[in-house]
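Notes follow once the structure below has been shown.
The values are calculated or read from the model by the stated rules, or taken from the named source; none is laboratory data. What you see is a predicted model, and the numbers here were worked out from it, not measured in a lab. Here the Cβ positions follow ideal geometry from the backbone for every residue, glycine too, while neighbour counts run over all protein chains shown.
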Amino acid sequence: MTYSSCFKNRMKIAGFMTIALVAAGTTLASIGGGGGSVPGRMTGGGSIISNGLRVTHGFTLNCDVTKSPQNLQVNWNRNRFHLEQLNTASCSNDPSINAEQPAAPFNTFTGSGVGRFNGVSGATIDVVFTDAGEPGLNDLAVYTIRDADGNLILTASGNLNKGNQQAHNP
């Protein structure tokens, strides 16, 4: 299974759970801190090359959307996305990824949120970040960004060519 199909499947599962919980009158924040399957946070930064385009990012993201900080910035071709609100977050452990040390209960962060694209609020982002050990060259970054009108602005994915992403215990 490729990471892009894995990302789509995770988003479909998360969407199903949200519908089921809303129908039952339960909010995500009331069942495990905003939908994160395990506690913790992921930090990191670096760059990927996707279809010849260099995309850089830096972040501190908690598995619980109610905790702070929730910071993410993505830059490419003189464009910038800055996260204003993290709406969904899920931290899970993919057994095919060995994050090595330091040990954390997860190695994959999946989330979505709203932010500013080139200074204009209302843009959206879906992300997947993995921690596949040191020095970070096997860590994966996946981004899909849409502007406030829903137009696709960026879709990029790849292993880091520079940088590192690190899963942390709570």
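Within segment 160-167, is even one residue at pLDDT 95 or above, on the phi > 0 side of the Ramachandran plot and outside any loop (DSSP other than H, G, I, E, B)? Don't jump to the end; show me each part of the working.
In the first step, residues of segment 160-167 are kept if they are at pLDDT 95 or above; the result is 160-167.
Those left that are additionally on the phi > 0 side of the Ramachandran plot: 163.
Adding the requirement that they be outside any loop (DSSP other than H, G, I, E, B) leaves 163.
For segment 160-167, residues at pLDDT 95 or above, on the phi > 0 side of the Ramachandran plot and outside any loop (DSSP other than H, G, I, E, B): present.
Within segment 79-92, is even one residue in a strand (DSSP E or B) and touching a helix residue (DSSP H, G or I) at 6+ places or on another chain (Cβ under 7 Å)?
yes
Is it the case, given these coordinates, that A104 is among the small types (G, A, S) and not in a loop (DSSP other than H, G, I, E, B)?
Numbers: among the small types (G, A, S): yes; not in a loop (DSSP other than H, G, I, E, B): no.
So A104 does not fit the description; no.
Which residues, counting only those in segment 107-139, are among the aliphatic types (A, V, I, L, M), in a loop (DSSP other than H, G, I, E, B) and under 17 Å from the mean Cα position of the chain (by Cα)?
Across segment 107-139, the qualifying residue is only A132.
Regarding L28, is this residue over 25 Å from G133 (Cα atoms), at pLDDT below 95 and touching a strand residue (DSSP E or B) at 6+ places or on another chain (Cβ under 8 Å)? Please lay out each step first, then the result.
Working: over 25 Å from G133 (Cα atoms): yes; at pLDDT below 95: yes; touching a strand residue (DSSP E or B) at 6+ places or on another chain (Cβ under 8 Å): yes.
Here the answer is yes, as L28 does meet what is asked.
If you check every pair at least six apart or on different chains, which have Cβ atoms under 7 Å apart with a residue in segment 110-139 that is surrounded by 17 or more Cβ atoms within 10 Å (Cβ to Cβ) first and a residue that is among the basic types (K, R) second?
Going by the 7 Å Cβ cut-off, the qualifying pairs are T110/R10; A123/R116; A123/R146; T124/R146.
Filter segment 140-159 for residues that are surrounded by fewer than 16 Cβ atoms within 10 Å (Cβ to Cβ) and part of a loop (DSSP other than H, G, I, E, B) and give the result. Step through it out loud before you land on a result.
From segment 140-159, those surrounded by fewer than 16 Cβ atoms within 10 Å (Cβ to Cβ) are 148-152, 155; that's our starting set.
Hits for segment 140-159 are A148, D149, G150, N151.
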